[in-house]
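Working notes, structure below.
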Amino acid sequence: MQKAVHLFTPANRSYLQNRSIQFSLFMVAVLCMTSATANSTSAQDWAGWRGPEQNGISRATNLPDDWSLEPRNNVAWMSEVGGRATPIVLNGKVYLNCRTDDDVNDPDEKVNAREQVICWDLETGKELWRDVFNVFQTDIPAPRVGWASMCGDKETGYVYVHSVSGILRCYTGDGEKVWEISLAEKYGKISGYGGRTQTPIIDEDRLVLSFMATNWGVTKGPSPRHFYYAFDKKTGDLQWVSAPGGPPKDTNYSVPVVAVVKGQRQLIGGNCDGHVYSLNARTGKPLWSFKMSLRGLNTTPVVVGDYVYMSHGEDNFDNTEFGRVQCIDATGTGDVTDTHSVWRVDGVKAGYTALVAHDGMLFVVADLGNMYCYDTKTGEELWVHDLGTVGKGSPIWGDGKIYATEVNGNMWILEPSRERCKTLSHEKISSRVGSGMDEIYASPVIADGRIVLVTRDRTICIADESKEVVNGAPVALAPETAPVDEIDMIQLRPYETVVQPGSTTQYEMHAFDANGRFLRKLPIKELVADASLAGFTTAGGKVTAPTTESHIAGTVTATVGDKTAVARIRMFNPAKVWKWDFNGLKPPVGVPAGWMRAFAKLKPFEVDGEKVLKVTGGAEAKGRPSHQIGLGYGGMKNYEIQADVRLTEKRRQLGSIGLSNNRYNLILIGNSSKLEVLSWAPHKRMAKSVRFRSDPDVWYTMKMKVDVVDGAAKISGKVWKRDEAEPEAWTIEVVDPHGNESGSPGLYFYALADCYFDNVIVTQN
């Protein structure tokens, strides 16, 4: 039995004792007041990853006690479409993000392998609509496509998906696209290693999504960073960005939750740097942090009253054990690691699943499949129940029962108490095709008395039609403190824009109180443009871009008393031809203005008396060797891109180097003497390669174009030695029947050794 460790220092002992007394007296009243979604979601909906209260709890009663596939029992309907993401239910419809069932190992099928959103009728299982779209410029393999869960908004009926390629898209409930953002091309999002794609949430008028990014320009602090982005849920406009942590130790997929603690609305989640962070949910202002691990945190926390429960399965930062279950007092400010630990249990590796708390019990599914039950107040271990061997799907609570899964096809319906865990039902789900067991990574959801479960091979709706379900109302968030007409923070909106030469942007100044409530709009007396925005003019709340043919990127700042607000601006050259020869580049940025994800990887360097851009490769390189640089914006199409490139040899290794056009890559692969066109590297869905020997320390010129006709894209590329004439014929050509319609021009490298770029040209046709 694991023993809880209580961390009380002399300085905070009395404080925590008082907090514990308050907790005991208040627990009965507020146990159900866990993190709820900010919008008013009806009881029959499960519109987000952890349900209407963001804690995995349903208030419905008369839910199914058992079910089976063979013989069929309490199965309302089943679809032969499966996945890894947890489904959502909104307004009587089930939504799922997943991959298509095309076999990526079959040469004839893999060209059709893509990502999709599917919508079914909750009652009948009838497919209502689906949207299929490409996977591109990611290292995520096919089995992990569709990792992130969707979210929905009761107010608008909109549903949202975050694709593995970094597309954030908004649909109506009937499948019409409302807006979409290419996060990688607009904000520098880094593709999540191994499928770790973050799930968005809705809070009031905001869609909040976190991800690792490098962005453009010198951002605050080291790059990359774990950013939290808040978008207007109706328009996709960016409201604010927050980066509370330090350098990331790992990618992550922890989904933040919204809670009201001590009257303050907080956004609480795990970070890439191993900390739990709390932000003001309305403004992104950091409130407190708590360090847990030397690696990134992936689990979703649960909040009960003033207490946050969190777990991880990696290295503890303060001892040699792996894994921790932690209770944090969320009433502090700043770094509360040493002062606000209520209790913890070390040595329990629970790094995947979200936690559930109910009736003074905390349920934790460990990585090896055991479910632990702890007393929420003391951390005492109450019991352990064996679910199987691998735990990744998160448990949910409803009607006094826990619905839990295990990766190897096991689904359990459990009846827990403080004394024991009783098994009501245990179903072993076999693979739909072939032998062995099905796989379960998704969490079940509860909606209108039905349990919707997604496995690798199926989507199953479980319902006991003999019972009359009673839908209890979701528990609301705790009350907030009364509004105070005192400005605590100001923001400029829009926070980040891409503007055209000669255009004028009207800014608004928003003022907020200490709880992030919007107070009013303030007049903007002056906007100050930084030195990078040469030629930009400001007047009041307006900023006008120059008509010069240049790329410009920088910030404008507004000040009210001792408070400041910043907004970011990029302007792209309107000319038909963009040219960069890199002469005159200087630190600290050292790359052309507005280039995305470039300043941390590319540095000015002199070769043969000419200034070029160098990529440091080999053992001296930092981070992952593959990297994508964006030169423009995601909506660009019908252009050619050309650049001079040079590879070097280091320890008998040559890197790879290339160009991007319409989200396709043309890559000169030095080690294997190939020239290749591809879009989705792990499976090379529509890839083609030809032999081409590239010698080290020799300059070559690469050119690439993409022609899209009737939905199909013809990708053409050529390479020749720089000191020779350009050949008329293309070196390589390939057709993608599911063409990418647009995408930023870019540069690509895989830096096993040093790589160089020079004379980059983009010609818009």
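Bear in mind these aren't lab numbers, they're just calculated from the coordinates by the rules spelled out. This structure is a prediction, so every number in the text was calculated from the model and none was measured. Virtual Cβ from ideal backbone geometry, glycine too; neighbours counted across all protein chains shown.
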So for M361, M78, M310, fewest C-beta neighbours within 10 Å to most, what's the order?
M78, M361, M310
Cα-centre dipole for region 676-765 with unit charges at Cβ (Lys and Arg positive, Asp and Glu negative), debye to 20:
280 debye
Among I761, W343, L382, flag the residue with its Cα farthest along the positive direction of the charge dipole of the chain, charges on Cβ as +1 for Lys/Arg and -1 for Asp/Glu.
I761
Going by amide H atoms built from the backbone, whose H comes under 5 Å of the H on M437, apart from near neighbours?
S431
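Quick one: if the Förster radius is 51 Å, what FRET efficiency do V560 and A476 give, using the C-beta to C-beta distance and rounding to 0.05?
0.90
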Two pseudo-spin positions, 7 Å from Cα along C-beta at M78 and at D139, lie apart in nanometres by 3.8 nm
If the cut-off is a Cα-Cα distance under 28 Å, which lysines reach K422, setting aside same-chain residues fewer than 8 apart in sequence?
K3, K349, K377, K392, K401, K467
Region 302-359: C-alpha gyration tensor shape, a/c 1.5 cut-off, then a/b vs b/c
oblate
For region 284-291, Karplus couplings with θ = phi - 60° (6.51, -1.76, 1.60), whole Hz, Gly/Pro x:
x, 5, x, 10, 8, 9, 9, 7
Between region 334-372 and region 392-458, the alpha-carbon center distance in angstrom:
21 Å
Please compute the contact order of the chain in relative form: average sequence separation of alpha-carbon pairs under 8 Å and at least six residues apart, divided by the residue count, as a percent.
12 percent
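By the scheme Lys and Arg +1, Asp and Glu -1, what is the net charge of all other residues having a beta-carbon under 14 Å from that of K525?
Combined, the nearby Lys, Arg, Asp and Glu give +1.
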The long-range amide H neighbours of A681, using H built 1.01 Å from N in the peptide plane and a cut-off of under 5 Å, are Q137, T138
Interchain or sequence-distant (5+) residues whose placed amide H lies within less than 5 Å of the amide H of E204 are A38, N39
Descending packing, highest mean Cβ count within 10 Å first, for 693-701, 389-397 is 389-397, 693-701
Label-reachable residues, region 721-765, where backbone N falls under 17 Å from a point 7 Å from R652's Cα toward its Cβ
752-753
Under 12 Å, Cβ to Cβ, from V469 - net charge with Lys/Arg +1 and Asp/Glu -1
-2
Taking θ = phi - 60°, what integer Hz values does the Karplus form 6.51 cos²θ - 1.76 cosθ + 1.60 yield along region 478-489, in sequence order, with x for Gly and Pro?
4, x, 8, 5, 5, x, 10, 7, 9, 6, 9, 7
Suppose R0 equals 30 Å. What FRET efficiency, 1/(1 + (r/R0)^6) with r the Cβ-Cβ distance, do T320 and E415 give to the nearest 0.05?
0.20
Quick check: Cα centre of region 468-506 to Cα centre of region 87-115, how many Å?
33 Å
Within the set of other residues whose C-beta is less than 10 Å from the C-beta of L585, count the net charge using Lys and Arg as +1 and Asp and Glu as -1.
+2
Given pairs K189/K637; K186/K525; K189/K603; K126/K177 and cut-off 23 Å on Cα-Cα distance, the over-length ones are K186/K525
List, in order, the whole-Hz ³J(HN,Hα) value for each residue of region 230-237 obtained from phi through the Karplus relation with A = 6.51, B = -1.76, C = 1.60 and θ = phi - 60°; use x for Gly and Pro.
10, 10, 5, 5, 8, 10, x, 5
Region 489-571, dipole about Cα centre (Lys/Arg Cβ +1, Asp/Glu Cβ -1), debye to the nearest 20
260 debye
Hey, with R₀ at 22 Å, roughly what FRET efficiency would L424 and D121 work out to, going by the Cβ-Cβ distance, to 0.05?
0.20
Which of G630, N661, A643 sits farthest toward the positive end of the charge dipole of the chain, with +1 on the Cβ of Lys and Arg and -1 on the Cβ of Asp and Glu?
A643
